[in-house]
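Just so you know, all these numbers are worked out from the coordinates, no wet-lab data involved. Given the structure is predicted, the values throughout are model-derived calculations rather than measurements. No Cβ is skipped: glycine too gets one built from the backbone with ideal geometry, and neighbour counts run over all protein chains shown.
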Amino acid sequence: MEQIQATRGTRDILPDEVRYWQWLESIARNFLNKANYLEIRTPIFEQTTLFERGIGEATDVVGKEMYTFNDRGDRSITLRPEGTAGVVRSFIENKLHVGGVQRLWYTGPMFRYERPQAGRQRQFHQLGVEVLGSNDPRADVEVIAIATDILQALGLKNLHLDLNSVGDLQDRSHYRQALIDYLTPYKDELDADSQDRLSRNPLRILDSKDKRTQEIAQNAPSILDYLSEKSRTHFDKVQQLLTQLEIRYTLNPRLVRGLDYYTHTAFEIISDDLGAQATVCGGGRYDRLVQELGGPETPAVGWAMGLERLILLLQKLHNLPQLELDFYIVSRGELAENQATILAQKLRHANFSVEVDLSGSAFGKQFKRADRSGAVACLVLGDGEAANQTVNLKWLKTGEQETISQSDLFTKLDEISSKIQSQKHSKTVSSLT
Ligand code: ATP
Ligand code: MG
């Protein structure tokens, strides 16, 4: 029979790699808790119109990348390609604005129909934050600072922050005309998508991945020259505070978000160690999105990190220790096997980690597995031990062993526990955080 494989663009995250995910998540959660961001979990699929309106039909994501299908009730459904639209829908639907400024975060799988390559998948994961209800530049800086704190705590190096302001609606309509005037003479040299965008959405041309288009865009007018005094003041404050926090950034006037509801600050964090798929975090302000989706006027700012790209970096950088097991229990014979199950349960209730060998194979083979398990101690139960209610306690790292009564094992647990801790090679994954 033909073997069924994971769908193109998806992959399994096996236990060895999951350790890295858990570590990343615990570091992120730690910083998010410290800044009092609350987790929100929204559905993985939503009505297609949410993304059409919330991301914009002129974007690649909506135009080319969505997993959209009709369900059995003939509703158009889309697997979420990003997290913000769902969070904003939930914010409006649940009237979260009455609670004042909302600081939210989320994580989970996202879906985009893209050409799979390293760091680019069809099912991938993001972790993101959204601050809803503040137009203060301090909110922009707060979210950027959280992102840089998380990335720094993960030990990532060679990252840089690109920063821009796309102003407000009016600034952009002035800039838009200047950009069209500049690009029109080059129209024939632009890539096909960009030619198409020239009248519809010229700002997005600055984002093109085409080489020649990028060259042309290099000398385009800068949006920073088109900011109103108000927008300029906002952006100055963001930069001033970033400098005071010693968060280094580079101004990149070509970093844009082409849609009307993106406003003011836009930023990306890019890794120099990732090759082509180098952006690990992207975000900015979107003061008009909540309104656009039918909610009350609510300024907002947020970002999303692509976790696969971070995991690739983390695996290169760190050798995370496996969790070290406390006890491995080896037993043979029906009575001994039953006692092993009971001992394991009692030890787990006493907060030890315990694996029971279920193979029923000869002691020799079970001992080999005990060694491979990485456990600190092994409990051995044969017919003799079972009949006498004793157990052989074998310290796998030192070879030392003793036979004690099963009841003594439990009266001596404190002593045994400290001996186990002292023989552990490494700290557990969670204690690294
Ligand atoms: P790109 O230009 O790389 O396609 P994007 O602008 O589409 O990125 P965003 O929508 O801003 O990306 O998403 C935020 C982050 O999510 C990206 O910076 C990236 O790290 C990650 N990301 C986006 N698409 C994918 C994907 N298909 N596979 C893995 N990670 C992704
Ligand atoms: Mg993309």
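Which of Glu57, Glu189, Glu65 moves most in a GNM of the chain, Cα contacts under 10 Å?
Residue with maximal mean-square fluctuation among Glu57, Glu189, Glu65: Glu189.
Within 10 Å, Cβ to Cβ, of Leu161, how many net charges do the neighbouring residues add up to if Lys/Arg are +1 and Asp/Glu are -1?
Neighbour charge sum, excluding Leu161 itself: -1.
Give the Kirkwood hydrodynamic radius (Å, one decimal) of the stretch 341-421, defined as one over the mean of 1/r across all pairs of different Cα atoms.
In the stretch 341-421 this quantity evaluates to 13.2 Å.
So how far apart, in nm, are the two label points at Gln277 and Ala153 if each is 7 Å from Cα heading toward Cβ?
That separation, rounded to one decimal, is 2.5 nm.
Please give the helix 229-244 orientation as an angle from the longest Cα principal axis of the chain, in degrees from 0 to 90, rounded to the nearest 10.
Relative to the chain, helix 229-244 is tipped by roughly 30 degrees.
Scan the stretch 327-433 for GluC sites (Glu not before Pro) in coil per DSSP, keeping those whose Cβ has at most 16 other Cβ atoms within 10 Å, and list them by number.
The qualifying sites are Glu400.
Which of Ile416, Ile44, Ile216 moves the most in a Gaussian network model of the chain with Cα springs under 10 Å?
The residue that fluctuates most here is Ile416.
Specify, per residue and in Å³, the volume enclosed by the convex hull of the alpha carbon atoms belonging to the stretch 140-215.
118 Å³
Rounded to whole Å, give me the distance from the Cα center of the stretch 27-57 to that of the stretch 380-422.
Result: 50 Å between the Cα centres.
Select from Val131, Val98, Val61 the residue whose mean-square fluctuation is largest in a Gaussian network model of the chain (Cα-Cα springs shorter than 10 Å).
With Cα springs under 10 Å in the chain, the top fluctuation among Val131, Val98, Val61 is at Val98.
Quick one: length gained pulling Gln117 to Thr243 fully straight, 0.36 nm per residue minus the C-alpha distance?
Residue separation times 0.36 nm, minus the Cα-Cα distance, leaves 41.8 nm.
Over 29 Å between Cα atoms, which of Lys157/Lys419; Lys368/Lys419; Lys346/Lys368 qualify?
Lys157/Lys419
Go from 0 up to the bin containing the longest alpha carbon distance in the chain, width 10 Å each, and give me the % of pairs per bin.
Taking every Cα pair in the chain, the percentages come to 4, 17, 23, 20, 13, 10, 8, 4, 1, 0.
Going by how many other Cβ atoms sit within 10 Å of their own, how do His425, His97, His318 line up, fewest first?
Taking fewest neighbouring Cβ atoms as first place, the list is His425, His318, His97.
What three numbers, in Å, describe the spread of the alpha carbons of the stretch 17-91 along their principal axes, ordered from the longest?
Result, largest extent first: 42, 30, 26 Å.
How long are the three semi-axes of the equivalent ellipsoid of the stretch 102-258, in whole Å, if each is the root of 5 times an eigenvalue of the C-alpha gyration tensor, listed from largest down?
After scaling each eigenvalue by five and taking roots: 29, 23, 15 Å.
State, to one decimal in nm², a quarter of the convex hull surface area for the C-alpha atoms of the stretch 1-61, i.e. the direction-averaged projected area.
About 7.9 nm², averaged over all directions.
Looking at the stretch 184-239, which trypsin sites (Lys or Arg not before Pro) are in a loop (DSSP not H, G, I, E or B) and have at most 11 other Cβ atoms within 10 Å?
Answer in residue order: Lys209.
At 0.36 nm per residue, minus the direct Cα-Cα distance, what do Lys34 and Asp210 gain on full extension? Give it in nm, one decimal, please.
Net length gain for the segment: 59.2 nm.
What value, in deg cm²/dmol to 500, does the helix sum -39500 (n - 2.57) over DSSP H runs of n ≥ 4 give at 222 nm once divided by the residues of the chain?
That calculation yields -12000 deg cm²/dmol at 222 nm.
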